[in-house]
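Below is one structure; the comments refer to it alone.
The values are calculated or read from the model by the stated rules, or taken from the named source; none is laboratory data. Just so it is clear, the model here is predicted, and its values are computed rather than measured. Counting neighbours? That spans all protein chains shown, and the Cβs are built from the backbone with ideal geometry, glycine included. Side chains are part of the model used for accessible areas, which takes the heavy atoms of the whole protein and leaves out ligands, DNA and RNA. Shrake-Rupley method; radii C 1.70, N 1.55, O 1.52, S 1.80 Å.
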Amino acid sequence: MLSTLCRRSLSNSLPHSRLLNLLLLAVVLGLALAPFITSGARPLNTAATICVYIVLVGSYDLLLGYTGIVSFAHTMFFGIGAYGLSLGLSSDNPNWAGAATGILLAVLLSLTLALIIGLFALRVRAIFYSMITLAVASSFAVLASQLSDITGGEDGKTFSVPELISPAYELFSSPIFGRQIDGKVICYYLLFFSAVVLFLLMLRIVNSPFGRVLQAIRENEFRAEAIGYRTVLYKIAANCIAAVLATLAGAMMALWLKYVGPKTMLSFEVMTDILLIVVIGGMGSLYGSIIGAALFLVLQNYLKTLMTQANESLIDLPWLAQALHPDRWLFWLGILFVLSVYFFPTGIVGKLNRSKTVGH
Amino acid sequence: MNTSVTAEANTAPSLALAKPDIKPLLLIPAIALAALPLVGSGSTWMTLTLAGLAMGMVIFIIASGLTLIFGLMDVMNFAHGAFIASGAFIASMMVAPLLSWSESESIGLNIAVLAIAILGAMLVTGILGIIFERVIIRPVYGQHLKQILITMGGMIVAEQLITMIWGAEQIPFPLPQVLRGSIVLGETLIEKYRLFAVVIGTVVLLSMLYVLNRTKLGLLIRAGVENPEMVESLGYRIRRLFIAVFAAGSALAGLGGVMWGLYKETVSTAMSGELMVTVFIVVIIGGMGSVGGCFISSLLLALVANYAGFLMPKLALVSHILLMIMILVWRPSGLYTPGKN
Amino acid sequence: MIMPNTPHDFILQLSGVHTHIGEYHILQGVDLQIPRGELFVLLGRNGAGKSTCLRTIMGLWKASQGRIQFKQQDIHTLATPDIARRGIAYVTENMGIFSALSVKENLSLAAINGAIDTSRLEWIFGFFPALKKFWNYPAGNLSGGQKQMVAIARAIIEPRELLLVDEPSKGLSPAIVHNLMDAFRELKASQTSIILVEQNFNFVRELGDQVAVMDDGRIVHHGQMQALAKDQDLQTRLLGLSMDSHQ
Amino acid sequence: QDLKIALITGKTGVLESYAKETETGFMMGLEYLTGGKMEINGRKLKVIIKDDQSKPDIARTLLAEAYGDDKVDLAVGTTSSGAALAMLPVAAEYKKILLVEPAVADAITGDKWNRYIFRTSRNSMQDGLAAASTIKGGGSIAFLTQDNAFGRDAVKAAKESLTMVGSKANVAHEEYAAPNTTDFTAAAQRIFEALKNKPEPRVLQIVWAGPNPMSKLAEMKPERFGIALAPGGNILPIMKTWKAYAGTQGTIFYYYDFPKNKMNDWLVAEHNKRYKAPPDMFTAGGFSAASAVYTALSKAKSSDTEKLITAMEGMEFDTPKGKMNFRKEDHQALQVMYHFKIKKEQKNEWDLLELVREIPVTDIPVPVKNKR
Amino acid sequence: MIAPQFATAQAVTVVENKPKQVTLSSRDLSIRFGGHIAVNQVSADFHAGELTVIVGPNGAGKTTYFNLLSGQLMASTGQIRLGEHDITQLGAAARTQMGIGRGFQLTNLFPHLSVLENVRLAAQSRANKGFRLFSIWSDHAELIERAEACLQQVSLYHRRHEQTAILSHGDKRKLEVALMLALEPDILMFDEPTAGMSVDEVPVIINLIQAIKQDQQKTVLLVEHKMDVVRSLADRIIVLQDGCLVADGDPSAVMASDAVQQAYLGKRPNVITTREHDHA
Ligand SMILES: Nc1ncnc2c1ncn2[C@@H]1O[C@H](COP(=O)(O)OP(=O)(O)OP(=O)(O)O)[C@@H](O)[C@H]1O
Ligand SMILES: Nc1ncnc2c1ncn2[C@@H]1O[C@H](COP(=O)(O)OP(=O)(O)OP(=O)(O)O)[C@@H](O)[C@H]1O
Ligand SMILES: [Mg+2]
Ligand SMILES: [Mg+2]
């Protein structure tokens, strides 16, 4: 009974590899219990970011891995969600109604933009589509920094959140399992459960008949059209779905950070991070976004600490020490990335899940 | 709505029957003339136009390597920027001990410095290109998605390596004495450096056109991208050709780096990212890998940026992007499609 | 099987060739001797391994075991371009057209020793007039049959000692098939050896000197064409159908 | 128990080179002040260095981590103004001191300020006032800046400064160019057209974050129209390329050769010895921050936040630029600035500027703008 | 049926005996690629329960004509009707959904999906379930069964779980046919279905087409160069040459016409005919 329910909520698509399942279980349990098995600001922050990125990267994979569309406008939608929420909350008395309105308007804006870009651009060659989205996204970033009265310009802006999830709020007077249940923890669980719901939704979409059509389009768009699928409609639909999900991820991120700004939400670096995660995790498999996001963000947050130690112990070998200098963490990430495109073209999930995966 | 994408592609007029297409070329004088009444003052217009055309040449030099690689091998090399930066760093390193030559009044010494900078940078970036092709690009020929991804990875690594080697500080890269200053004719002014850029740009353009149109090389590489196995079955060592093209493209990036570094008179790691969007836009609106298209679009872009900057600075924020969208609406696959001219 | 030829008359010899593609074991010990100046026919059902065999000779798949000799010299260790330059031309089953290039450019790439020889070109135009008509046309826009013509023309634009031809007649109209047969006759007359994979019985019966039949990655029959053409039982056993029941 | 200080800078990313200078300066400052012992009041001093990659969200997280997980006594940072602004509420949340260095945005000690914020770096207004004090007479001024919040604020501050110092100069033109502009021909032509018939002296003041377009403008020969350039100071590697424009004047907040005091002498000598180059602007900034921290901790004799605030409000401390003091109202360190001229005869590769005048604090009457 | 006015004298005039329901028709259909007119003013009606073979030299415009009918290309001029509807402006997908199915001359499949998934996608399109976003694909067992049945018909069932990319050429051709079957179209257009298929498989496909032909609701169009296949299947033959329709009518009459004999079968009619008769 329970296992059927479980299977169905995972849309019958549990990976075939035992190791992979264990890994996934570990990550999900880790995230579910993060406030209680860790202490301090950084681990919780890492966990929250992982939750957001699972949604963000998953929605991007819908485009990249499943439909074969390379878009650089994903951060734009992410940003719209974040700014939407921040505007909704930027009154003196931030409340949930404001947040909901902000998110709703952001979703509507994203949908409209996705539709327009899709109608205009999805009919051209793939590489052009990428470039056009790149251009649109960078114009949007310019716009955001020009409208500094509402967006805070280059510097971005901080805002406060409803009482329930603000750090000062405490649910119980004493700590539970060694952790004070404050607004931060409540906010974390809000993100965690949103991520779970959105992830299951995406899983269902990619395993639906619709999801299979997207794969067909990725494989051979011309042929998909010839067997009766109006590929433009499907691509636009995929684009819109991905945009909405990215918007929601943006709202989640802003809610957690209580800050919005172009560097955090709109920059090309965020886009690179998304790409890195999709590829390392495994394109065309949503589970890849879980593994990828967890691995990448843990590395991003802790690689430097590791490197500091390595660097100090290698002080006698100046050149190697230089390469292992914590400031060069991006170098190692880049190498990891190249190697993973090289050796795990299907990402970690693809590698572990060699037999029939979602993609095939 | 109903026309399928492929059908549109297929109904494009027959390539064999196309006449030389000069409309894009005419766009340049058209835009310049249209700007004249708006700008008003003749000398200002002249200064803007000359500066724009020359800056277009610089952009062309920087973009030419990318076009070459993209057009012939269908590889979108996101790491091109890193080659540009390395070219500039290498050149600045080579000329650093020759500061007195470049400051000297002797034109001969000045030219020697320039030659050393350019040739040195091109040589080293060419070699780097070969390495890059071997370890990064080779496994992913013909796979667009992976190319985008792996070259982005390559870009990150290369940029970090540059920072590791040269540090994050800006390094001065002074212009040799001959190229300093400007020539003033009445109220019109043109920087000497820009004249130099025009000369180098023309050399690059002509030699690329020659190699691609007068030799089998261009054909072979395009064939090799579509079907490397067939080209090998015909008896060509396509891998070596790919390497050669990649090396040439990277060397051109190195040259672009020198030109850009000389223009800015400083060299920094930021250089690699600075122009990339511009260069991508140039390559896109020029038409995939068409050298002529790339040339025209570089000039257009720089001219439009100058006019927009003068007439309406706000517009200059997005002038590149507007230009791109307008051109793609006019010609959805860019100004020229390769093979067409 | 007793072969009348001495080893020196063989232009190509395969002995115990195995080919693996990834985890699949496709060729499972192929032995073939191709006599010089003859047209050798390779038959077999879909998926028997005929194309794999040609690709292995060309070095496009690497033989995992066994030996391939061209003019008494090992070529299985060489890279494809070197194999080609020893004098082997190849027509692939999917034609391998360079679609962005014109017909002319397709052919001029095939002329690796320099410019196209005009008299030979006229000779080819005689068989495939369409090529002349569409000389400057992008090859990707040609019809299926016309592409097939380009693929064949590319292989014969310069003289080669050995041609590997994978199903050349598919998609060609009957008239052109006849021209193609003439072309092969003339090539044979000029001492060109040919390995032909073909499903068109008419074609192979007229032209074939020797024949081998493949099944499941192995050679299951090897002999004279005439003998096979006469033996209906053997045909049915090897190919599932007799040549005469289906023309 | 150890004293813990977090130093947050943008060590990787676009501002990498600035951040490195800050870190060097800060560490050298502590070294100098503690006499190499790294102890204050007998307590060992521990500096935890963090890299925010110039990203505001990371800066926030790192600051929270520093206060919450590392339990630092106070934090210093950061390079990017955006990141610094995002950090301010975190200090209030944790009720710990944040000493801002070297971010310049006015809002840090303006409307985004809270009582836990102190700043050793100068703010944009101080830059503006210093520049304005050099053009007190009549004439015409044009501004060239970036078309973003930074640029607009800077011009606003500059114009305000002009009125405040009672300059008679007239603002003839404000040119906002796209932040990523590389070709300044169009901007220059607009400025020339706007300025060329205005009363002399004609000054073009350049306010630009990042590599300064000074040399590009100089190549356009503004002297044809009697226009003088007034660049803001910049880091040494950039000013090195200005050699050809000898005589050009501007203002800067630190140049190693200008201040004459013991602390600066040590800094210049040590820095030259260790890094084969003189200290730069942000090195001095880091040094000043270290001095503020040292002075405050010594004076408060405790690392309790409230005691520190009491000690620091109005506190005077030594820096390589001489004495600074934290104004009580907005915790901004008031400091001198320098009016410079590009040298013609340079003795070595780093001999770039000559001092026209040290602009005293009294000439830089920064208004208090926070809502205290 | 209207005989095209430009049909040459040798062209066979149309023999029309029993009135049949016209399902698909083209009127003055042309397409021009630059200066080249690939299909020139072709008018033809196709009927339910009838199998029309289209023959013609290479480059005559057969595939292009198919592309026009099925919407892969848009006509420069002319009109296409499907039953009551003018479909000239519709795209390929819409036409497929209206019941026009076609196979491609040059194999065109989803290379990295399994053989079964290729066919299943076609069945799913037929069932119009592409926009089901929230159900699980494997819950639609009927589509999988349908796909398996189609694979059985072309004897590819045993390879259903393999990746399409690794199929041999002939097997890909079979899959191409299976894809069309899964679409259950009313109008089936085969473009040289047997090219590259091994001799023992050709009868399988011929029997399959024969069976489809029995269904009086189906209209079948077939491009084929193998004369024995043409002879065994054709109810009617259309000849295209240089884009023009030059003959249309009863198979034996059309085949006997000089135009076909010379332009299509070869310039040495005597040689051909003897061989043709030998094995007839
Ligand atoms: N890339 C590949 N990877 C794995 N198996 C392959 C690959 N290419 C072909 N095969 C398999 O190898 C076997 C032989 O294929 P091959 O193409 O040689 O057959 P063939 O005899 O030429 O058939 P056909 O007459 O259909 O062209 C087939 O079973 C095919 O599925
Ligand atoms: N997209 C296209 N662009 C330009 N010309 C084309 C295009 N498609 C087809 N043609 C031309 O139209 C003509 C007809 O081609 P089509 O493919 O219809 O021939 P076909 O009758 O199917 O021949 P075959 O028997 O060889 O398959 C050919 O000359 C071809 O070159
Ligand atoms: Mg085959
Ligand atoms: Mg055809």
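When the residues of segment E:195-223 are filtered to those that are among the polar types (S, T, N, Q) and more than 28 Å from E:ARG81 (Cβ to Cβ), which remaining residue is nearest to ligand 1 (Cβ to nearest atom)?
Let us first name the residues in segment E:195-223 that are among the polar types (S, T, N, Q), namely E:198, E:207, E:210, E:214, E:216-217, E:219.
The next check asks that each one be more than 28 Å from E:ARG81 (Cβ to Cβ); those that pass are E:198, E:207.
Working: E:SER198: 5, E:ASN207: 19 Å.
Checking each candidate, the answer is E:SER198.
Going by what's in this entry, would D:ALA131 be described as at the interface with another protein chain (Cβ under 10 Å from one of its Cβ atoms) and modelled with pLDDT of 85 or more? Here the answer is no, as D:ALA131 does not meet what is asked. Take segment C:156-171 and flag every residue that is more than 7 Å from chain E (Cβ to nearest Cβ) and either open to solvent by less than 10 Å² (accessible area, probe 1.4 Å) or within 16 Å of ligand 4 (Cβ to nearest atom) (or both). Residues satisfying the conditions are C:ILE156, C:ILE157, C:LEU162, C:LEU163, C:LEU164, C:VAL165, C:ASP166, C:PRO168, C:SER169. Per this entry, A:VAL107 is counted among residues that are in contact with a helix residue (DSSP H, G or I) (Cβ under 8 Å, 6 or more places away or on another chain), in a helix (DSSP H, G or I), touching a residue at least 60 places away in the same chain (Cβ under 8 Å) and not acidic (Asp, Glu).
Candidates C:LEU12, C:LEU43, C:LEU54: the one that is more than 16 Å from ligand 2 (Cβ to nearest atom), touching a strand residue (DSSP E or B) at 6+ places or on another chain (Cβ under 9 Å), assigned by TED's automatic domain parsing to the domain that holds C:VAL204 and not in a strand (DSSP E or B) is C:LEU54. Taken over segment B:17-68, the residue count meeting the criterion of being open to solvent by less than 10 Å² (accessible area, probe 1.4 Å) and either hydroxyl-bearing (Ser, Thr, Tyr) or without any contact (Cβ under 8 Å) to a residue 60 or more places away in the chain (or both) is 4. Which residues, counting only those in segment E:214-241, are open to solvent by 30 Å² or more (accessible area, probe 1.4 Å) and touching a strand residue (DSSP E or B) at 6+ places or on another chain (Cβ under 7 Å)? E:LYS218, E:ASP235 - these are the residues of segment E:214-241 that are open to solvent by 30 Å² or more (accessible area, probe 1.4 Å) and touching a strand residue (DSSP E or B) at 6+ places or on another chain (Cβ under 7 Å). Checked against (1) under 15 Å from the mean Cα position of the chain (by Cα); (2) modelled with pLDDT under 90; (3) buried (at least 22 other Cβ atoms within 10 Å of the Cβ), E:VAL12 passes all but a single condition, namely (1). Of the residues making up segment E:177-196, those that are within 16 Å of ligand 2 (Cβ to nearest atom) and either modelled with pLDDT of 90 or more or within 11 Å of chain C (Cβ to nearest Cβ) (or both) number 7.
Among the residues making up segment E:109-139, those that are out of contact with any Phe, Trp or Tyr (no Cβ under 7 Å at 6 or more places or on another chain) and assigned to a loop (DSSP other than H, G, I, E, B) are E:LEU109, E:PHE110, E:PRO111, E:HIS112, E:LEU113, E:ALA127, E:ASN128, E:LYS129, E:PHE134, E:SER135, E:ILE136.
Has segment E:216-225 got any residue that is within 13 Å of chain C (Cβ to nearest Cβ), more than 14 Å from the chain's Cα centre (by Cα), in contact (Cβ under 8 Å) with a residue 24 or more places away in the chain and within 16 Å of ligand 2 (Cβ to nearest atom)?
Applying the first criterion (within 13 Å of chain C (Cβ to nearest Cβ)) to segment E:216-225 yields E:223-225.
This time we only want the ones that are more than 14 Å from the chain's Cα centre (by Cα), so: none.
The answer is no, given that none of the residues of segment E:216-225 is within 13 Å of chain C (Cβ to nearest Cβ), more than 14 Å from the chain's Cα centre (by Cα), in contact (Cβ under 8 Å) with a residue 24 or more places away in the chain and within 16 Å of ligand 2 (Cβ to nearest atom).
Condition check for A:ARG230 on (1) at the interface with another protein chain (Cβ under 7 Å from one of its Cβ atoms); (2) surrounded by fewer than 24 Cβ atoms within 10 Å (Cβ to Cβ); (3) within 25 Å of the chain's Cα centre (by Cα): one failure, at (3). Screening the candidates B:GLY87, B:GLY71 for the property of being part of a helix (DSSP H, G or I), touching a Ser or Thr at 6+ places or on another chain (Cβ under 7 Å), at pLDDT 85 or above and crowded, with 24+ Cβ neighbours inside 10 Å yields one hit, B:GLY87. Just one of the listed residues (A:PHE222, A:PHE210, A:PHE199) is out of contact with any Gly (no Cβ under 9 Å at 6 or more places or on another chain) and either in a helix (DSSP H, G or I) or more than 11 Å from every other protein chain (Cβ to nearest Cβ) (or both), namely A:PHE222. Applying the condition of being in a loop (DSSP other than H, G, I, E, B) and hydrophobic (A, V, I, L, M, F, W, C) to segment B:127-174 and asking which residue is nearest to the other protein chains (Cβ to nearest Cβ) yields B:ALA168. The set of residues in segment E:57-70 that are under 14 Å from the mean Cα position of the chain (by Cα) and open to solvent by less than 10 Å² (accessible area, probe 1.4 Å) comprises E:GLY61, E:TYR65, E:PHE66, E:LEU68, E:LEU69, E:SER70.
Only residues that are assigned to a helix (DSSP H, G or I) and open to solvent by 20 Å² or more (accessible area, probe 1.4 Å) were counted across segment C:91-124, and they come to 8.
Given the structure, is C:LYS133 at positive phi and out of contact with any helix residue (DSSP H, G or I) (no Cβ under 8 Å at 6 or more places or on another chain)? Give the derivation first.
Values: at positive phi: no; out of contact with any helix residue (DSSP H, G or I) (no Cβ under 8 Å at 6 or more places or on another chain): yes.
Taking the combined requirement at face value, the residue does not satisfy it.
For C:SER64, state whether it is in the same structural domain as C:ASP215 (by TED's automatic domain parsing), within 13 Å of ligand 3 (Cβ to nearest atom) and in contact with a Ser or Thr (Cβ under 8 Å, 6 or more places away or on another chain). Considered against the rule, which asks whether it is in the same structural domain as C:ASP215 (by TED's automatic domain parsing), within 13 Å of ligand 3 (Cβ to nearest atom) and in contact with a Ser or Thr (Cβ under 8 Å, 6 or more places away or on another chain), C:SER64 comes out as no. Going through (1) outside any helix (DSSP H, G or I); (2) of a type outside the set (Gly, Ala, Ser); (3) in contact (Cβ under 8 Å) with a residue 60 or more places away in the chain one by one, B:VAL184 falls short only on (3). Checking B:GLY249, B:GLY218, B:GLY254 one by one, the residue that is assigned to a helix (DSSP H, G or I), facing chain C (nearest Cβ under 10 Å), in contact (Cβ under 8 Å) with a residue 40 or more places away in the chain and among the small types (Gly, Ala, Ser) is B:GLY218 and no other.
Looking at this structure, is C:GLU23 out of contact with any His (no Cβ under 8 Å at 6 or more places or on another chain), at pLDDT below 90 and away from ligand 2 (no atom under 16 Å from the Cβ)? Spell out how you get there, then give the answer.
Values: out of contact with any His (no Cβ under 8 Å at 6 or more places or on another chain): yes; at pLDDT below 90: yes; away from ligand 2 (no atom under 16 Å from the Cβ): yes.
When the stated conditions are applied, C:GLU23 passes them.
Quick check: is even one residue across segment D:110-119 in contact with a Pro (Cβ under 8 Å, 6 or more places away or on another chain) and open to solvent by 20 Å² or more (accessible area, probe 1.4 Å)?
Residues of segment D:110-119 in contact with a Pro (Cβ under 8 Å, 6 or more places away or on another chain): D:114.
After this cut, where a residue has to be open to solvent by 20 Å² or more (accessible area, probe 1.4 Å) as well, the list is D:114.
The answer is yes; a qualifying residue exists.
The selection criterion, being of a type in the set (Gly, Ala, Ser) and under 23 Å from C:ALA100 (Cα atoms), holds for B:GLY286.
Which of the residues belonging to segment D:152-182 are free of Cβ contacts under 8 Å to residues at least 12 places away in the same chain and either on the phi > 0 side of the Ramachandran plot or in a loop (DSSP other than H, G, I, E, B) (or both)? Reasoning before the result, please.
The first filter runs over segment D:152-182 and keeps only residues free of Cβ contacts under 8 Å to residues at least 12 places away in the same chain, leaving D:156, D:163, D:180, D:182.
Across segment D:152-182, the qualifying residues are D:ASN180, D:THR182.
The set of residues from segment B:293-332 being open to solvent by less than 50 Å² (accessible area, probe 1.4 Å) and part of a loop (DSSP other than H, G, I, E, B) comprises B:LEU317, B:VAL318, B:ARG331.
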